[in-house]
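**Student:** Sending over a structure as structure tokens; questions will come in a sec.
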Amino acid sequence: MAITYLAGNNIAGTASDRSGLTTTYLLTGTTFLETDTDDLYQWDGDSWNVISSNTVAETLSGKTFTTPQINDSATDHQYVFAVGNLAADRTVTLPVLTGNDTFVFEAHTQTFTNKTMSGSGNTFSNIPTSALTGTAFAVTDGSTASNIASGGTLTFAATANETTVAQSGGTVTIGLPNDVTIGGILTVTGNLTVNGTTTTVNSTTMTVDDPIITLGGDVAPGSDDNKDRGVEFRYHDGSARVGFFGYDDSVGVFTGFTAATNTSEVFSGTVMNATFGNIVGTLTTAAQGNITSLGTLSSIVVSGSGTVGGSDIVTLAATQTLAAKTLTAPKFVNTGFIADANGNEQIIFATTSSAVNEITITNGATGNSASITASGETNTGIKLIGKGTSGITLTNATANGAFLEFDTKAAPADPSTEFARMYLKEVDANNNAIAVKIQKGGSVVEVEITSPKAVCAECGSRDGAKDPLYDFERGVMVLDLWCGHSFEVPMQWSQINGNS
């Protein structure tokens, strides 16, 4: 065997197993490469051994390859494996294959099968939508689902007057338009603020948990805008109309209108009637119409005009006539009075500071008289006072005349028979007398206490005598009669019968 040295290392021993061959060898240390067969030999101290051969199946273990090459099928080109400079050893583990397979390289078209990409370190870039096939994901509204193909487009569509959709830089923003119309049920958890010119709620039933609804803004007004506050409503009475009830800013009262007109939130129209149950408090109508009461009016202070239950409202500022009204515990403040039908004072109620005594007026059942009783302290009377030079007049509307009756005294007489009555008696067509009925001799008899009876000896008049004049100096009683004649009556018996 002829050996041509291409590297300057000596080969220990001989190569007798290659004698007779003309071969070119590449010598590197204790190995050489037979270039015509690409067999690789290594010296083990005694002989040269083939450690790699193109024609012999071999197992490589613990071998280091520097820029290895693999021939193609035509052996005219090689796959040259080039590696960079590693900072440490790296282990490449090949998967356990169940069949023939092919390496996938980054710069060549390949098809992935049964591959799973996981981990946050994987990055996909510059992938055109045309390179995606099959179903990428599904979109559902909870009941209906739609598949979005790879490379397809997912569109967020807005509902007119309900939502808006905008996209910028891959971010989709869904919001509300300036003018919003919501169909169906709207549920908002949290606070909902609506800022706009007109908010329309077209709902058959609307409920509000808040027991107080505030009208006129969410902040205290800084000035009077001269607008009314309340509720405007639509109704039909043969024609489509508008009604209103609420606070009338111009007169400062609660009011209501039918056939109303809204002029910049100031209402006018026909004052509506109102029907209430029991009303307690202050009722001010201010010429706002009539009120039909289905219950009672209790402790009511009323001003203005109108009707309650078909009758005129009783007001503080105007003269009114009460008809068939029941006053429970009425009060007359300061110097109040009861007026007659013409509005003139009929009974005046004067007040006394810190008063404790009063009168009680009590009606009577059949056969019993009504009474006026002093009440208050244990012992208190009733004083009847005339004005100026006038006195107290007792009268009766019937022909029986008036009388003053004294109740009986329990002791010492018999209460069942003792009583006194004083009255004005008509003696005849021309004469009256003050008479009393009083118990005398066990019987109640009538006694005239004024204008003694007398018959005139000259004219026969029975008009009676005036109070007699007793003239004790002369021993006579002078009687002047109402007819104008006078008589002297002796007061001594001897003068009468002629005996001394």
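**Student:** Among the numbered criteria (1) surrounded by 10 or more Cβ atoms within 10 Å (Cβ to Cβ); (2) under 36 Å from the mean Cα position of the chain (by Cα); (3) assigned to a loop (DSSP other than H, G, I, E, B), which one does T189 miss?
**Tutor:** Just one mismatch for T189, condition (1).
**Student:** I need every pair where a residue in the range 340-368 that is under 21 Å from A323 (Cβ atoms) has its Cβ under 6 Å from the Cβ of a residue that is part of a loop (DSSP other than H, G, I, E, B) and of a type in the set (A, V, I, L, M), sequence separation at least 6 or different chains.
**Tutor:** So the pair list comes out as N363/A370.
**Student:** Restricting attention to the range 447-471, which residues are of a type in the set (S, T, Y) and not in a loop (DSSP other than H, G, I, E, B)? Quick ask: steps written out before the conclusion?
**Tutor:** The first filter runs over the range 447-471 and keeps only residues of a type in the set (S, T, Y), leaving 450-451, 461, 470.
Residue satisfying the conditions is Y470 alone.
**Student:** Is there a residue being modelled with pLDDT of 75 or more and either surrounded by 14 or more Cβ atoms within 10 Å (Cβ to Cβ) or within 60 Å of the chain's Cα centre (by Cα) (or both) anywhere in the range 405-412? Quick ask: steps written out before the conclusion?
**Tutor:** Of the range 405-412, the ones modelled with pLDDT of 75 or more are 405.
Filter once more, so that each one left must be either surrounded by 14 or more Cβ atoms within 10 Å (Cβ to Cβ) or within 60 Å of the chain's Cα centre (by Cα) (or both): none.
The answer is no; no qualifying residue exists.
**Student:** So, one more: Could you list, in sequence order, the residues of the range 74-113 that are assigned to a loop (DSSP other than H, G, I, E, B), of a type in the set (A, V, I, L, M) and surrounded by fewer than 10 Cβ atoms within 10 Å (Cβ to Cβ)?
**Tutor:** First, the residues of the range 74-113 that are assigned to a loop (DSSP other than H, G, I, E, B): 74-77, 81-113.
Retained after the next criterion (residues that are of a type in the set (A, V, I, L, M)): 74, 82-83, 86-88, 92, 94, 96-97, 104, 107.
Correct list: A74, A82, L86, A87, A88, V92, L94, V96, L97, A107.
**Student:** How about the range 343-390: which strands (runs of 3 or more DSSP E) wholly inside it have at least 2 residues that are touching a strand residue (DSSP E or B) at 6+ places or on another chain (Cβ under 7 Å), aliphatic (A, V, I, L, M) and at pLDDT 90 or above?
**Tutor:** On the way: elements: 345-349, 358-362, 371-375.
Those strands (runs of 3 or more DSSP E) span 358-362, 371-375.
**Student:** If you don't mind, there's one more thing I want to ask. Mind listing whichever residues of the range 230-251 are part of a strand (DSSP E or B) and surrounded by 15 or more Cβ atoms within 10 Å (Cβ to Cβ)?
**Tutor:** Within the range 230-251, the first condition is being part of a strand (DSSP E or B), and the residues that meet it are 230-236, 240-248.
Correct list: G230, E232, R241, V242, G243, F244, F245, G246, Y247, D248.
Quick grid of which residues meet (1) among the basic types (K, R); (2) part of a strand (DSSP E or B); (3) out of contact with any Asp or Glu (no Cβ under 6 Å at 6 or more places or on another chain); (4) modelled with pLDDT under 85:
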residue	(1), (2), (3), (4)
Y423	no, yes, yes, yes
N432	no, yes, no, yes
R474	yes, no, yes, no
L479	no, yes, yes, no
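**Student:** Within the bounds of the range 300-311, is there any residue that is exposed (fewer than 10 other Cβ atoms within 10 Å of the Cβ) and modelled with pLDDT under 80?
**Tutor:** Our first condition is that a residue be exposed (fewer than 10 other Cβ atoms within 10 Å of the Cβ); within the range 300-311, this holds for 310.
Keeping just the survivors that are modelled with pLDDT under 80 gives 310.
Looking through the range 300-311, at least one residue is exposed (fewer than 10 other Cβ atoms within 10 Å of the Cβ) and modelled with pLDDT under 80.
**Student:** Now for a different question. Using beta carbons and a limit of 6 Å, which pairs, at least six apart or on different chains, have the first residue in the range 209-235 and in contact (Cβ under 8 Å) with a residue 40 or more places away in the chain and the second one surrounded by 10 or more Cβ atoms within 10 Å (Cβ to Cβ)?
**Tutor:** Once the first residue is in contact (Cβ under 8 Å) with a residue 40 or more places away in the chain and sits in the range 209-235, its partners that are surrounded by 10 or more Cβ atoms within 10 Å (Cβ to Cβ) give N226/D249.
**Student:** Inspect the range 128-149 for any residue being of a type outside the set (A, V, I, L, M), within 30 Å of L94 (Cβ to Cβ) and either without any contact (Cβ under 8 Å) to a residue 60 or more places away in the chain or in a loop (DSSP other than H, G, I, E, B) (or both) and give the result as yes or no. Steps first, please.
**Tutor:** Initially, the range 128-149 is screened for residues of a type outside the set (A, V, I, L, M), giving 128-130, 133-135, 137, 140-144, 146-147.
Retained after the next criterion (residues that are within 30 Å of L94 (Cβ to Cβ)): 133-134.
Checking the rest, the ones that are also either without any contact (Cβ under 8 Å) to a residue 60 or more places away in the chain or in a loop (DSSP other than H, G, I, E, B) (or both) come to 133-134.
Yes, the conditions are met somewhere in the range 128-149.
**Student:** Please state which one of G151, G119, G142, G84 is in contact with a helix residue (DSSP H, G or I) (Cβ under 7 Å, 6 or more places away or on another chain) and not aliphatic (A, V, I, L, M).
**Tutor:** On the way: G119 fails: in contact with a helix residue (DSSP H, G or I) (Cβ under 7 Å, 6 or more places away or on another chain); G142 fails: in contact with a helix residue (DSSP H, G or I) (Cβ under 7 Å, 6 or more places away or on another chain); G84 fails: in contact with a helix residue (DSSP H, G or I) (Cβ under 7 Å, 6 or more places away or on another chain).
G151 is the lone residue from the list that is in contact with a helix residue (DSSP H, G or I) (Cβ under 7 Å, 6 or more places away or on another chain) and not aliphatic (A, V, I, L, M).
The values are calculated or read from the model by the stated rules, or taken from the named source; none is laboratory data. Here the structure is a predicted model, which is why all the values come from computation and not from measurement. Methodologically, a virtual Cβ is constructed for each residue, glycine included, from the backbone with ideal geometry; neighbour enumeration extends over all protein chains shown.
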